[in-house]
Structures are given as C-alpha cells and as structure tokens.
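Right, one structure below, let's go through it.
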Amino acid sequence: MNPQDLPLGRHVDYPREYDAALLFPIPRALGRDHIGIADDSLPFIGLDRWHAYELSWLDARGKPRVATATFEVPADSPHLIESKSLKLYLNSFNATRFDNEDALRTRIADDLSRTAGAPVAVAFGLPPIDDPSGNGPNAYISIDDEAVGIDSYGPPDATLLAADDGDLVTETLTSALLKSNCPVTGQPDWARVAITYSGPRLDRAALLRYLVSFRDHAEFHEQCVERIFTDLMTHARARSLSVEARYTRRGGLDINPWRATPGHARPVAGRDERQ
C-alpha cells in the first residue's frame, strides 16, 4: 500500500474566509417522526448547549485572538445544527477581522439563529468542570457498577426498562457508558447521561441495559436524548423527568442536549472531566 492510499493524514481544505453558508441545518422533525414525537406539541422543554474550544479571529489590527464560547440552541427550534458544519463555520473566522469581541459574538448569534430558526444565545467562556466527588450542585448516583450481564447493543430497546409502582422516589441517576454513532460519519459519540426523575423507582440494572443498547445505534446526539426522554416517560411512567447528556469533544466542540418535563428546573450548567 502506498502512503497516499492511507486515510490518515490526508489534507483537508478548511475555509479561508468567513462563510455563513457552511452551516447546515437538519429538520428536527425528521428524527422526531421516528420517535413518535409531534413537532407541533412537544412533550418537553430543553436546549442544546454547545461548548466551543477552538475559536479564533483577527482584531482590527490583524492580530489573532482566541477564545472559548458557549452556544444555547432552544429545543423548540425547527432545526438542529450539524456539528461538522458548525466546526467548519467557526474555522471560517480564522482570517476575519472584527473591531471587538461583541461584533463577533453578534455575528455568530445572528448566523446560528438564522440556521436554527430560533434565537440562539452566544456567550464567551465555558461553565466550570463539576466536582468529581458528586457532592456539588450536580450530585448524582452512578449506576455503572451494577453487576449485570449485557448482550444487547442496538437498536435501543425500551422494553428493557422497568420501574416499581409501589416505590415512589425522587433521585438523579447517571451513567458514563452511553455511546452511539454519528449517522453521517459513523464515528462513535461518547457521553455521560444524567436522569433526574420523580415517580416509580427505576430498576438500575434495567436502566443500564437500556442505555448500553444505544451502543451500535446511529442517531444524532439531540435525537438520542429525546428518545431516552420519551422511552422513560412511556415505559417507566416518570411523573417528572430531566435528561441531560454531556458528549465528549469532537472537532473542538462538545454538545450537551437537555430535555425535561415542562416546569422542571434547568440543570446547573457544567462540564464533565472528560470534556
């Protein structure tokens, strides 16, 4: 095999100038149809919080500047934003001059809002990394040490879920074993999911089996979270529910979709150690 035949190290042409047309919208309705969610009567509230680690531009004198940023796309926007297109779009600012940071922030907010079809919040900086001890504002109970045999890795199987109607609880369970695959590239997507609920007590071993059944499944991050939310509401009979997934970084971006029953408190924004 010749070196040029190897897929590694091939040249990729990144944009040399600002281009908002690089952003690629995907109708949320396409994924929701498969889950059985009517786009005109959503059963949840929520948002998709993006963290951008590789943002650079030129100041008015041509000096490079760098920053991190947080974008929040509302879950009721008609479109989600495809992640690779967002990466290429952000790279298109590398040789673009702005008089000040606010001009750049406004430009990004306008472009993302137009693509998503709803107002997108843009701020410089990132939320802090959570306390790994689990004693902070995002405290949780991990189910990853459950002694359970698993042999189902896809498609997601909601019939694996079980809950005890005779034991009503309020708790937050989490697993770092959520993995799915990108439907565009086939690349793996890794995440920790946090489930805060009130209702019949979830069987933790059953919940872990269910989450692992996403392992060979191809679906966008946002759609995976909406599927988990819908399955828990239907098969575990949750009365109040919040599902947040924190996906690890790819291409200088990580995404954190959150869906919850209306009226549920928004989780404290934070990042995981793997982010």
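Return the residues of segment 217-270 that are within 12 Å of the chain's Cα centre (by Cα) and part of a helix (DSSP H, G or I); say none if nothing qualifies. Hits for segment 217-270 are His221, Glu222, Gln223, Cys224, Val225, Glu226. When the test is whether a residue is of a type outside the set (Val, Ile, Thr), in a strand (DSSP E or B), at pLDDT 95 or above and on the phi < 0 side of the Ramachandran plot, Leu80 passes it. Would you check if there is a residue in segment 238-247 being within 24 Å of Thr185 (Cβ to Cβ) and open to solvent by 40 Å² or more (accessible area, probe 1.4 Å)? Within segment 238-247 (the criterion being within 24 Å of Thr185 (Cβ to Cβ) and open to solvent by 40 Å² or more (accessible area, probe 1.4 Å)), the answer is no, since none of the residues qualifies.
Scanning segment 87-119 for residues that are closer than 21 Å to Glu226 by Cα and either open to solvent by less than 10 Å² (accessible area, probe 1.4 Å) or aromatic (Phe, Trp, Tyr) (or both) returns a single hit, Ala116. Of all the residues in segment 170-210, those that are outside any strand (DSSP E or B) and within 14 Å of the chain's Cα centre (by Cα) number 1.
The one condition from (1) open to solvent by 20 Å² or more (accessible area, probe 1.4 Å); (2) within 15 Å of the chain's Cα centre (by Cα) that Ala75 does not meet is (1). Step by step: first the residues of segment 35-72, then only those that are in contact (Cβ under 8 Å) with a residue 40 or more places away in the chain and farther than 20 Å from Arg105 by Cβ, then the one that is farthest from the chain's Cα centre (by Cα). Which residue is that? Among residues in segment 35-72 that are in contact (Cβ under 8 Å) with a residue 40 or more places away in the chain and farther than 20 Å from Arg105 by Cβ, the one farthest from the chain's Cα centre (by Cα) is Gly36. For segment 156-174, the candidate set comprises residues that are open to solvent by 40 Å² or more (accessible area, probe 1.4 Å) and touching a Ser or Thr at 6+ places or on another chain (Cβ under 7 Å); within that set, the residue that is nearest to Thr230 (Cα to Cα) is Asp157.
Suppose the filter is open to solvent by 20 Å² or more (accessible area, probe 1.4 Å) and either part of a strand (DSSP E or B) or touching a residue at least 40 places away in the same chain (Cβ under 8 Å) (or both); does Glu273 pass it? Yes; evaluated as a whole, the condition is true for this residue.
The values are calculated or read from the model by the stated rules, or taken from the named source; none is laboratory data. If you're wondering where the values come from, they're calculated on a predicted model, not measured in any experiment. A quick note on method: Cβ atoms are made from the backbone with ideal geometry, for glycine too, and the neighbour counts reach across all protein chains shown. For accessibility, only protein heavy atoms count, side chains too; no ligands or nucleic acids. Shrake-Rupley method; radii C 1.70, N 1.55, O 1.52, S 1.80 Å.
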